Amino acid sequence: MEHSLYPEPTKEIAQKRNDLAPETLALFRAFSQHVFADGALSSKTKDLIAIAVAHTTQCPWCIRSHTKRAMLKGATGEEIMEAIWVAAEMRAGAATSHSAIAIDAMNQEPARSA
């Protein structure tokens, strides 16, 4: 039997999470509902943002749930994919800008011959 890094979500796992910290979980759920409600940004836009963020944090559950939620709110495949491309660009941009750290380290160390 193949073992996955991510356990299959089950009612037992959800119940254990609740049993271990019921007040915190209730507060987290209330916070989440508040954050994703329509406000200055529409709920659909917030789910598109969440899809992009979930791709950078690489949370498979978040990717799946926010994609489904965005679609239920009328998001198109094109909008969802565009959000994913924004996430990809941001991640690549961060890697590029962090190269300054490596360049700084190279500049501080004497060059060694191969």
**OP:** Hey, can you tell me all the residues within segment 2-33 that are among the charged types (D, E, K, R), surrounded by fewer than 10 Cβ atoms within 10 Å (Cβ to Cβ) and over 17 Å from C59 (Cα atoms)?
**Re:** E2, K11, E12, D19, E23
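Here are A83, A70, A75: which of them is in contact (Cβ under 8 Å) with a residue 24 or more places away in the chain, over 13 Å from the mean Cα position of the chain (by Cα), surrounded by 11 or more Cβ atoms within 10 Å (Cβ to Cβ) and in a helix (DSSP H, G or I)?
After ruling out the rest, the residue left standing is A70.
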Subject >> Index of the failed condition, A100 passing every other in (1) assigned to a helix (DSSP H, G or I); (2) in contact with a Leu (Cβ under 9 Å, 6 or more places away or on another chain) >> reply: (2)
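For segment 71-114, what are the residues that are over 18 Å from D47 (Cα atoms) and touching a Ser or Thr at 6+ places or on another chain (Cβ under 7 Å)? First the steps, then the outcome.
Initially, segment 71-114 is screened for residues over 18 Å from D47 (Cα atoms), giving 89, 91-114.
Hit for segment 71-114 is R91, nothing else.
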**OP:** Report, ordered by the first and then the second residue, all pairs with beta carbons closer than 9 Å, sequence separation of six or more or different chains, a first member in segment 98-114 that is surrounded by 10 or more Cβ atoms within 10 Å (Cβ to Cβ) and of a type outside the set (G, A, S), and a second member that is part of a helix (DSSP H, G or I) and modelled with pLDDT of 95 or more.
**Re:** none
Original post:
Checking D38 against (1) under 14 Å from the mean Cα position of the chain (by Cα); (2) modelled with pLDDT of 95 or more, which test does it fail?
Top reply: (1)
**OP:** For R91, indicate whether it is modelled with pLDDT under 95, surrounded by 11 or more Cβ atoms within 10 Å (Cβ to Cβ) and part of a helix (DSSP H, G or I).
**Re:** yes
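The values are calculated or read from the model by the stated rules, or taken from the named source; none is laboratory data. What you are looking at is a predicted structure, and each value in this text was computed from that prediction instead of being measured. Heads up, the Cβs are rebuilt from the backbone with ideal geometry, glycines too, and the neighbour counts pull from every protein chain shown.
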